[in-house]
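Novice: Sharing a structure with you now.
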């Protein structure tokens, strides 16, 4: 009886382990392995690095207190979005940079939605703070 219970428990654990995406065997491309030289705007580059590192305190330091976020053209709560996304989402590639480094196109991995292409467009004021961020799914 004990062998049967042990075997069932072991099979359940293995099944759970495989269903949950092989915990511990997840590849995550770190920002250090990406070539960031194409990002000419230093503020955007540092914000990108903060996002990749999951450092929300550093991320927020690059933005105005009333920063606006537009997600596929719809106004969203910037603070709520950032708090929920940082550490749960990361970029797996840097594919295209435009507008002197203010518009970045890349692939993203999210724990909730999987992998897809996205854009981040940054708007910086004269005090070198980001006051608007536009994000969305990209088709490039």
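To keep it simple, each residue is scored yes or no on (1) assigned to a strand (DSSP E or B); (2) without any contact (Cβ under 8 Å) to a residue 24 or more places away in the chain; (3) under 18 Å from the mean Cα position of the chain (by Cα).
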| position | (1), (2), (3) |
| --- | --- |
| 100 | no, no, no |
| 106 | yes, yes, yes |
| 109 | yes, no, yes |
| 112 | no, no, yes |
| 115 | yes, yes, yes |
| 122 | yes, no, yes |
| 132 | yes, no, yes |
| 136 | yes, no, yes |
| 140 | no, no, no |
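Novice: Which one is nearest to the chain's Cα centre (by Cα), of the residues in the stretch 23-63 that are surrounded by fewer than 15 Cβ atoms within 10 Å (Cβ to Cβ) and modelled with pLDDT of 95 or more?
Specialist: 55
Novice: With the requirement that a residue be within 19 Å of residue 108 (Cβ to Cβ) and either in a loop (DSSP other than H, G, I, E, B) or free of Cβ contacts under 8 Å to residues at least 12 places away in the same chain (or both), what does the stretch 59-68 give you?
Specialist: Hit for the stretch 59-68 is 62, nothing else.
The values are calculated or read from the model by the stated rules, or taken from the named source; none is laboratory data. The model shown is predicted, which means the values in this text are computed figures rather than measured ones. All Cβ positions, glycine included, derive from the backbone under ideal geometry; neighbour counts span all protein chains shown.
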